[in-house]
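Nothing in this text is a laboratory measurement; each read-out follows from the coordinates by a stated rule. Note that this is a predicted model, so its numbers are computed, not measured. Every residue, glycine among them, receives a Cβ derived from its backbone with ideal geometry; neighbour counts consider all protein chains shown.
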């Protein structure tokens with residue numbers, strides 16, 4: 001049968017035209033309003049993530065026990081407010097309506113009930129998703145389900161989304177993460193958006209308008225400087241942070257792209273895990289604080305030693321990370337094979353200065369303060385943050401012995 005399409009005329013044509021114009025206006029308005037939630041992550045997020053220690057062996061009781069241990073150890077009150085469920089929390093298949101389903105053996109009461117309990121305990125809850133067809137462990141990814149999954153997570157009371165990059169094929173990273181950003185915004189619940197893209201597509205150049213933090217490398221591993229196929233020690237990640245994208249304003253590294261509301265993420269902490277010595281845990285924590293990376297503990301907090309609790313809850317070191325100005329440290333100098341010096345400006349005219357012993361032996365580090373005159377103007381009082389003691393002032397050059405892979409962290413305050 002011959003079917004002809006007739007052009008509407010008169011008032012009907014006018015009505016249709018106005019309707020189409022209205023839809024276009026709404027689409028433009030929606031596009032303009034689609035942005036990440038503002039007011040979140042004004043300082044680097046702090047919390048705990050399940051992956052480094054437990055990988056797939058997570059469940060409701062583990063999470064609740066972890067939360068209680070974080071209260072008992074002082075971690076919650078020190079600022080560790082996010083508890084993040086990483087990969088393997090869901091069933092292998094979606095339900096008939098295409099929804100993600102929590103594994104009932106691991107989470108018999110569902111994620112919303114767990115979220116409610118964590119909220120009552122003074123925490124926020126995070127969850128894991130992936131921009132591909134599957135997650136890294138083979139569970140359902142969110143590609144093609146972005147808006148559905150965002151509504152699901154919002155209905156459960158999720159506060160934080162770690163969004164990975166496995167099984168994405170030829171997908172464009174900026175497009176994929178922007179799609180989930182828009183989906184989260186449409187779902188309506190403010191959710192801190194963690195872009196776990198591994199730094200392959202230089203997210204520091206585009207992610208500020210998309211997420212609240214973005215990974216700069218592959219996965220971390222609990223060692224000093226080892227490298228495996230997908231993971232590496234914290235010193236390797238630190239060197240990557242320093243080396244990438246030199247700044248036109250004289251500060252090397254990625255710090256120039258980071259600040260309140262958007263942070264370079266050097267991955268979760270390995271502090272307290274068996275591959276690191278206590279000195280290396282202290283150095284790892286210190287440098288993550290200096291470069292304003294999120295502080296996401298990855299150890300079993302239920303069985304921490306007192307020394308590791310002291311590292312993770314040191315209020316003066318945390319204050320370096322959480323400084324409201326949010327300026328990241330840069331590597332000021334290096335004595336090859338011996339030690340590095342990192343500096344970071346703080347609110348109110350203070351500075352953080354860190355010396356990291358990179359060698360296998362104790363080193364005597366020396367700072368001639370006048371050589372920092374482009375950064376430090378005037379005389380400063382020096383406080384050793386780990387030893388919690390005064391080190392006089394910058395009127396006199398500093399010499400200090402630092403053990404292998406250990407660190408000296410100082411806060412400098414203008415002398416009154």
- [ ] Would you mind ranking 92, 189 by Cβ crowding within 10 Å, fewest neighbours first?
- [x] 92, 189
Task: Order of 380, 285 - criterion: other Cβ atoms within 10 Å of each residue's Cβ, fewest first - done: 380, 285
Open item on the list: Could you tell me how many cubic angstrom of Cα convex hull volume the stretch 83-171 has per residue?
Closed with: 87
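Going by C-beta contacts inside 10 Å, put 364, 394 in order with the fewest on the left.
364, 394
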Open item on the list: Using only Cα atoms and rounding to the nearest 10 degrees, what angle (0 to 90) does helix 60-72 make with the longest principal axis of the chain?
Closed with: 40
TODO: Mind jotting down a quarter of the surface of the convex hull over the alpha carbons of the stretch 330-414, in square nanometres, one decimal?
DONE: 5.1
Task: Helix-only mean residue ellipticity at 222 nm for the chain, each DSSP H run of n ≥ 4 adding -39500 (n - 2.57), per residue, nearest 500 - done: -8500 deg cm²/dmol
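Relative contact order for the chain using alpha-carbon pairs under 8 Å, separation at least 6, rounded to a whole percent? Display every interim value, and only then the final one.
Values: 852 pairs, mean separation 53.3, N = 416.
About 13 percent, as a whole number.
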Task: Folded to 0 to 90 degrees: helix 278-290 orientation relative to the chain principal axis, Cα - done: 60
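Starting from the Cα gyration tensor of the stretch 46-321, take the square roots of the eigenvalues, sort them a ≥ b ≥ c, and report rounded, prolate or oblate (rounded when a/c is under 1.5, otherwise prolate if a/b is larger than b/c, else oblate). Write out the running numbers ahead of the final one.
Values: a/c = 1.64, a/b = 1.14, b/c = 1.44.
Since a/c reaches 1.5 but b/c is at least a/b, the shape of the stretch 46-321 is classed as oblate.
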- [ ] Note the angle between two axes, namely the Cα long axis of helix 10-33 and the longest principal axis of the Cα atoms of the chain, as a number of degrees from 0 to 90, rounded to the nearest 10.
- [x] 20
Open item on the list: Can you tell me what share of the DSSP beta bridges in the stretch 46-321 is antiparallel? A percent to the nearest 5 is fine.
Closed with: 15
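Evaluate E = 1/(1 + (r/R0)^6) for residue 64 and residue 316, where r is the Cβ-Cβ distance and R0 equals 22 Å; express this FRET efficiency to the nearest 0.05.
Details: r = 30 Å, r/R0 = 1.38.
Using R0 = 22 Å, I get an efficiency of 0.15.
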Open item on the list: I need to check one value: relative contact order of the stretch 304-377, counting alpha carbon pairs closer than 8 Å and at least 6 residues apart, in percent.
Closed with: 20
